[in-house]
Amino acid sequence: MAEHSDPNAPWKTLSGIGTSAITAALFLFFLQYIPTIAAGEPVRWVIPWIPSLDVSLSFWLDGLSLMFALLITGIGAMVMLYAAKYLAGHPQYDRFALYLFAFMLSMLGVVLADNLIALFVFWELTTFTSYLLIGFSHADPKSRRNALQALLLTATGGLALLAGFILMGVSQGTFEMSQINAAGSLVGKEFYTLILFLVLAGAFTKSAQVPFHFWLPNAMAAPTPVSAYLHSATMVKAGVYLLARTHPALSGSDLWIWILSIFGAVTAVFASFMALRQTDLKQTLAYTTLMALGTLVMFLAGSSGYAITAAMTFLLVHSLYKAGLFLIIGIIDHATGTRDANVLGGLKKAMPITAMAAAVAGLAMAGIPPFLGFIAKEVAYAGALEMHLWLFVVPMALIAFALMFAVAGIVAYKPFYGPQGDLPHEPHEGPWPMLLGPVVLGTCGLLFGLMPGLTAFYLIEPAVNAVMGAPDTGGRVKLWAGFNLPLLLSLITFALGFLIYQKHLALRERLAQIEAKSPDLDASWDVFLDWFVRFSKGQTGLIQTGVLRQYMFATFAVFAVTVLITLIARGAGGVQFNLAGLGLMEWGISLLIAAGTVLVLLTSSRITALVGLGTVGIGVALIFIAYSAPDVAITQLLVELLVVVLLALALLKMPYLDKDNRQKHSFPNAVLAIAVGALTTWVLLLVVDQPFDRRLTEFFEAASWTQAFGRNIVNVILVDFRTLDTFGEIAVVLIAALGAFVLLKGFRASKEEEK
Amino acid sequence: MNSIIFTAGARLLVALVFVFSLFMLLRGHHLPGGGFIGGLLGAVAFIIYSLACGPEETRRALRVSPEGIAVIGLGIALLAGLVSFFMGDPFFTGQWYWVGGDSYETAAFSINSVLVFDIGVYLVVLGGILSLTFAFEEET
């Protein structure tokens, strides 16, 4: 595997240790807020950004965002340390560390942002950084393709989300999520259905719900630390976070309950079967992550205390054990050179610490007491029994959890205690920077389970309160809840799971056969993309002909048609020509302009045509002088001069005008030219017909001296009153000049290449 | 162009036009002129020179590439806007500093961000047009 490092390479680099240390510091920073938040006092920081649009950089720290922030920074710090060792000596490691750190900050932004627009910006930033990380092995076309797939899917969902956020913000009169939630449920209000669908589109693509699930297993093309961090513990949970965050405002309707229950349950069950089918352990974990996401979405469908508690507890425990297991797979891969479940076995002796960590994570995953995973499963069954669609949800949860039990055995038990396989390398224990993460995470899973009261009080219940939007009774997270239905269901899960584990090889065969016959969404994606590219190519070929004359014709034709439609729609009337007031000078200038135009039309020499056009320009400048606008006149004259010089330089290199070609197009050209001319004249006469509004003129006449100390109004407007416009204009001048310069240079370079 | 009269005359003309362009730039606040007009005139000066002596010679006379001049101009214009930002005013508010007095009437002269901005405009127009012209002239 190319992603592997040289074990002897130095790993204590600034980018590795530095990013890890900053992230750990952030973890400690958030840790100190635990008592405040547990006491039910959310924290809010606001930095005004675009006050006129009600966009501000506001952050909101409540139980939900605190839990996410702690997971992001805590797991982040360990993953960064792990990656420093895992990718030590990789030529592009520094770049990797930068991406990972940027991702960590964006993800933190997502869970802390209170303003919806800010949340969206951070949301898209996680998409981009994830794209960079999935495509990190950019020499591999498969990795590039998978990165692009993830980007396109999640960014499309992100755009839907933006539309949903804007609708929500505009209809509620505020873009602060905390205020929207505080104002109560949106169910039944204007735009509710549309908002719900748009937000769900964003959440489901990000959290990979069926049928948008296929990008997530493909995203495993990223180096293992990325999979552990982004595609299991944090980024894919952004969709779940969003559903939890908008829960007070959007939940409770039939639509919410049905959509979330069904999509979540189908994703969970489908993914757990797929997990069993895989032989690559990393792919197995990828599908179990999907299963977890589905389960979380399913429980967020409910509004009862147990359902939400189940979602939050499972969220916490899953992040702990899944990140740990991914890191462990990375260590195994590192040590043995393979991730194949059929080959791996008997690693316990060579890798005792890894085996311990894996056992702890695996027991949490399987939901064995006294791990937090067991409590999560108990609460989950209690929650499922309380849900509206319990007849559907409970069996689905049972199947998913039983399969999870079996998969935990495959991932955490078999490689270490199973029969010895034929390994590519002699296995060895992982180095400490890589072991730290799995050990700490596994210990947390055990400690939290042994101290359910404290965990619930400081972490889970504040989060539940935030999701419910109201203080909850609490006290549901217990290691021993008595003999009840959830316990019975747990026992059934264990029995069923054990059975599945015993038969998993045969089952895998069956599943592989079924998979071979069923439609492949991933392949359809390629077909879809292919058609899409073909469509845009055809469409581009149709519109972008590359013939300048056609572009000009289209531009002026569109102009003529839109002006005409506007004039007719607005009921514009006729205008009067009053030629009586014209003096000799006006007639003279008009004749000069007309003569120039006729010359352009009749000549067959480009240079003569240019002179004709120049005459027209100078005629216009004369009009400006006649009506005392010296600034405009000078500019017009100079521009005319320069245009003639520039065009003359260009024309020297062009062939003579082709008379035949010109006559072929002369009729439509003439019609269009006359139409544009007539319409423009009409519009101008209509404008002149109106009484002239002197308010602006009077303001500038009065203010340009007193406020801007200038007597030349035109210049004062340009450099003082309307400076930002002028700045935009000169930026355009620069860009146009650079663009033309590059085009001409590139033209020359390609010609030289031909020689 | 191989006319001796033009080449000889151009040297004189260029200096005159160029000085005139600076004059137009500086007087712009009160009388017709300003950065746009000044920049166009400056470009005319160097185009005359380049027609007479060729673009290579003109590039040497300019010392900085025209694209560079344009970019520097945009930077100067931006700086003129940022000054007001640091003074606590909205972006691009004109900043005036009176020398020898405390108002326009009593001061001997003023240092202000508005002129700096206009110089930026001048440089962008000059550099932009010259880079276009050179691209055409050198394109063979």
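The values are calculated or read from the model by the stated rules, or taken from the named source; none is laboratory data. This structure is a prediction, so every number in the text was calculated from the model and none was measured. All Cβ positions, even for glycine, are placed from backbone atoms using ideal geometry, and neighbour counts span all protein chains on display. Areas reflect the complete protein model, heavy atoms only, side chains present, ligands, DNA and RNA absent. Shrake-Rupley method; radii C 1.70, N 1.55, O 1.52, S 1.80 Å.
The radius of gyration of the Cα set in segment A:491-545, together with its Dmax, comes out at 22.4, 70 angstrom. Between helix B:4-27 and chain B there is an angle of about 10 degrees, using the helix long axis and the longest principal axis of the Cα atoms.
Peptide A:717-729 shows a mean partner chain C-beta count of 6 within 10 Å per residue C-beta. On a per residue basis, the protein assembly as shown carries 46 Å² of accessible surface, using protein heavy atoms and a 1.4 Å probe. For segment A:103-233, pairs of C-alpha atoms spaced more than 25 angstrom apart make up 29 percent of the total. Here segment A:669-746 and segment A:468-501 have alpha carbon centers that stand 72 Å from each other. Around the Cα centre of segment B:4-139, unit charges on the Cβ atoms of Lys, Arg, Asp and Glu (plus for the first two, minus for the last two) sum to a dipole of about 260 debye.
With the convex hull constructed from alpha-carbon coordinates only, segment B:24-131 shows a mean projected area of 7.8 nm² over all directions. For A:Leu152, the solvent-accessible surface with a 1.4 Å probe is about 60 Å², rounded to the nearest 10.
The accessible surface of the protein assembly as shown, taken with every protein chain in place and a 1.4 Å probe, is 71 percent carbon and sulfur. Exposed loop sites, defined as GluC sites (Glu not before Pro) outside DSSP H, G, I, E and B with at most 16 other Cβ atoms within 10 Å, are absent from the longest region of chain B, namely B:1-104.
At q = 0.07, 0.10 Å⁻¹, work out log10 I(q)/I(0) for the protein assembly as shown with the Debye formula, treating every Cα as an identical point scatterer and leaving solvent out; two decimals please. The calculated log intensity ratios at q = 0.07, 0.10 Å⁻¹ are -0.77, -1.09.
Placing one equal scatterer on every Cα of segment A:260-341 and applying the Debye formula, the log10 ratio I(q)/I(0) at q = 0.14, 0.17 Å⁻¹ is -0.51, -0.70. For A:Pro424, neighbours were defined as the other residues whose beta-carbon sits under 14 Å from its Cβ, and their charges (Lys and Arg +1, Asp and Glu -1) total -3.
Interface of B with A. Using a 1.4 Å probe and counting protein heavy atoms only, the two chains hide about 4000 Å² of accessible surface, both sides summed. Restricting everything to alpha-carbon atoms, can you work out Rg to Rh for segment A:502-638 with a Kirkwood hydrodynamic radius? My calculation puts Rg/Rh at 1.44. Count charges around A:Ala512 for me, please; just the other residues with Cβ under 15 Å from its Cβ, Lys/Arg as +1, Asp/Glu as -1. After counting each charged neighbour, the total is 0.
For the cross-link pairs A:Lys142/A:Lys377; A:Lys237/A:Lys377; A:Lys237/A:Lys414; A:Lys348/A:Lys517, the ones whose C-alpha atoms lie over 30 Å apart are A:Lys142/A:Lys377; A:Lys348/A:Lys517. Computed from Cα positions, the angle between helix A:485-502 and the longest principal axis of chain A comes to roughly 90 degrees.
Within the same chain, aspartates and glutamates fewer than 8 places from A:Lys349 are excluded, and of the rest, those with a Cα less than 20 Å from its Cα are A:Asp333, A:Asp340, A:Asp422, A:Glu426, A:Glu429.
Taken as Cα centroids, segment B:106-140 and segment A:376-422 sit 71 Å apart, rounded to the nearest whole angstrom.
Once both axes come from the Cα atoms, what is the angle between helix B:66-86 and the longest principal axis of chain B, in degrees from 0 to 90, rounded to 10? Between helix and principal axis, roughly 0 degrees.
Take chain A, mark every one of the chymotrypsin sites (Phe, Trp or Tyr not before Pro) that falls in a DSSP loop and has at most 13 other Cβ within 10 Å, then report the longest stretch left between them, sites excluded. Between the exposed loop sites, the longest stretch runs A:1-479.
Within the straight-line cut-off of under 27 Å between alpha carbons, the lysines reachable from A:Lys745 are A:Lys537, A:Lys653, A:Lys755, sequence neighbours fewer than 8 places apart in one chain being disregarded. Every helix of 4 or more DSSP H residues in chain A counts as -39500 (n - 2.57), and over all residues that averages to -23500 deg cm²/dmol at 222 nm. The value of relative contact order for segment B:4-139, using C-alpha pairs under 8 Å at least six residues apart, is 28 percent. May I ask which of A:Lys85/A:Lys322; A:Lys12/A:Lys85; A:Lys12/A:Lys282 have a Cα-Cα span longer than 18 Å here? Table pairs above 18 Å Cα-Cα are A:Lys85/A:Lys322; A:Lys12/A:Lys282. Note on segment A:603-742: Cα Rg divided by 2.2 N^0.38 Å, N the number of residues, gives 1.39. Partner shielding of A:85-95 amounts to 0, given as the average count of beta-carbon atoms from other chains within 10 Å of each residue beta-carbon.
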